[in-house]
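The values are calculated or read from the model by the stated rules, or taken from the named source; none is laboratory data. Bear in mind that the values here come from a model prediction, so they are computed numbers and not experimental data. Ideal geometry is used to build each Cβ from the backbone, glycine not excepted, and the neighbour counts take in all protein chains shown.
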Amino acid sequence: MAKRKKSDKKKRPIAVSVIALAIVVLFLIRLIQVFTALIGENVFTGGIAGPLFTGWRLTGMGTTLLSSASYLILSVAGIVTLIGFLHLRRWSWVLLMAWTGISLLISLVDYFYSHANYIVMASNVIIAFALNITDVQRMFGIRRDHGSSL
């Protein structure tokens, strides 16, 4: 039997895969939110009917289009972050940590004042805990051990 060659490449911690999976879940949830709102306003069957503004205020259709566009932008940004994260880029760790903190804050406000999305909250908590694991921080160059040359 032939021996395997040892790779000098560091093995990714399982937490990186868990975070990637949570980002994919958040991506799918955001896409569902994009289409659910548009279907609710019959945009796909009837088109954009009526004005988007009345004076300086958004109408129901305007609010729906704005929220759908923002969820679509979040989805695309999530995929870009996921690609950077899988390539172990430091900026993706920093962006994901900031994004997770802001998303948790918004989720808490939603929890207390309107309707909570528990799947988004759970995904954000998992991401926050996994990003703070020592091995993950070392992989992204966030945490350095004393005496190391990183």
Does VAL34 satisfy the criteria of being buried (at least 17 other Cβ atoms within 10 Å of the Cβ), of a type outside the set (D, E, K, R) and modelled with pLDDT of 80 or more?
yes
Does at least one position in region 88-98 carry a residue that is in contact with a Leu (Cβ under 6 Å, 6 or more places away or on another chain), within 19 Å of ALA122 (Cα to Cα) and surrounded by 15 or more Cβ atoms within 10 Å (Cβ to Cβ)?
yes
Please work out if LEU72 is within 23 Å of ILE32 (Cβ to Cβ), touching a Phe, Trp or Tyr at 6+ places or on another chain (Cβ under 9 Å), surrounded by 12 or more Cβ atoms within 10 Å (Cβ to Cβ) and not aromatic (Phe, Trp, Tyr).
no
Anything in region 108-150 that is surrounded by 11 or more Cβ atoms within 10 Å (Cβ to Cβ) and either at pLDDT below 85 or part of a loop (DSSP other than H, G, I, E, B) (or both)? List them, or say none.
ASP110, ALA116, ASN117, ASN132, ILE133, PHE140, GLY141, ILE142, ARG143, ARG144
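Regarding ILE83, is this residue at pLDDT 90 or above and exposed (fewer than 14 other Cβ atoms within 10 Å of the Cβ)?
Numbers: at pLDDT 90 or above: yes; exposed (fewer than 14 other Cβ atoms within 10 Å of the Cβ): yes.
Taking the combined requirement at face value, the residue satisfies it.
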ILE23 is checked against (1) surrounded by fewer than 12 Cβ atoms within 10 Å (Cβ to Cβ); (2) in contact (Cβ under 8 Å) with a residue 12 or more places away in the chain; (3) among the hydrophobic types (A, V, I, L, M, F, W, C) and fails just one. What number does that condition carry?
(1)
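Restricting attention to region 68-88, which residues are within 19 Å of VAL136 (Cβ to Cβ) and in contact (Cβ under 8 Å) with a residue 12 or more places away in the chain?
Filtering region 68-88 down to residues within 19 Å of VAL136 (Cβ to Cβ) leaves 78, 81-88.
Across region 68-88, the qualifying residues are GLY78, THR81, LEU82, PHE85, LEU86, LEU88.
Filter region 42-58 down to the residues that are over 23 Å from VAL76 (Cα atoms) and surrounded by 14 or more Cβ atoms within 10 Å (Cβ to Cβ) and list them by number. Show your work before the answer.
Going through region 42-58, the residues over 23 Å from VAL76 (Cα atoms) turn out to be 42, 45-58.
Once the filter is applied, which keeps residues that are over 23 Å from VAL76 (Cα atoms) and surrounded by 14 or more Cβ atoms within 10 Å (Cβ to Cβ), region 42-58 yields ILE48, LEU52, LEU58.
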